[in-house]
Amino acid sequence: MSETRIKTCVTVNGQSVEREIPARQHLVDFLREDLGLTGSHLGCEHGVCGACQVMVDGQVVRGCLTLAAQTDGRRVDTVEGLSDNGELAALQQAFLEHNAFQCGYCSSGMLLTALHIVRNHPQADRDEIRDLISGNYCRCTGYHAIVDAIETVLRGAGSALAQAKHNGGSR
């Protein structure tokens, strides 16, 4: 029995992509294997760990639970395509400063969740941040450094921190 293939057209990181894909191909596999965007990782493949997260029409979704065909006519943003307006750059800088990256496996999913928090929960306190990142597993940091990094950006220090680094200064 042959595999059913379908045609899909999706905007990925601002670029229109048209492909014929297997009907049951997961979004993260499409991004990694077909488009070479390897920022999203395959961790549990059950939607539990958050390593595969991407944004679809501005909402964070699990790439291992979303079929690529479901994104037909939609916009998909990966960690590789989200730094244009500086929000992600500030988060990345804060993650570096607070040593929140550690091994890096969860980082892309964690950064997308952090970006969602910055955009949609700008008044979040530490407990709310912990709750909002609870769907992302990190085996290295104990989450304290990640919460510190997100809080730094929420309180506005992330922008100043990134600017100081850009200008060659320190905090």
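Since every read-out is calculated from the coordinates, none of them should be taken as a lab result. None of the values given here were measured: they were computed from a predicted structure. Because the Cβ atoms are built from the backbone with ideal geometry, glycine has one as well, and the counts that use them run over all protein chains shown.
Annotations
- Top of Glu151, Glu97, Glu33 by mean-square fluctuation, Gaussian network on the chain, Cα under 10 Å: Glu33
- Among Gly81, Gly109, Gly156: highest mean-square fluctuation, GNM of the chain, C-alpha pairs under 10 Å: Gly156
- Segment Asn99-Asp57, length gained on full extension (0.36 nm per residue, minus Cα span): 12.1 nm
- Distance (nanometres) between label positions extended 7 Å along Cα→Cβ at Asp125 and Cys44: 2.9
- In the chain, the longest principal axis of the Cα atoms and the axis of helix 144-154 are about 80 degrees apart.
- Seen against the Cα atoms of the chain and their longest principal axis, helix 107-120 is set at about 70 degrees.
- Of the residues Thr78, Thr11, Thr113, the one that moves most in a GNM of the chain with alpha-carbon contacts below 10 Å is Thr11.
- For segment 52-64, backbone phi angles converted through the Karplus equation (6.51, -1.76, 1.60; θ = phi - 60°) give residue-by-residue couplings of 9, 5, 9, 10, 10, 6, x, 10, 6, 10, 7, x, 7 Hz, Gly and Pro being listed as x.
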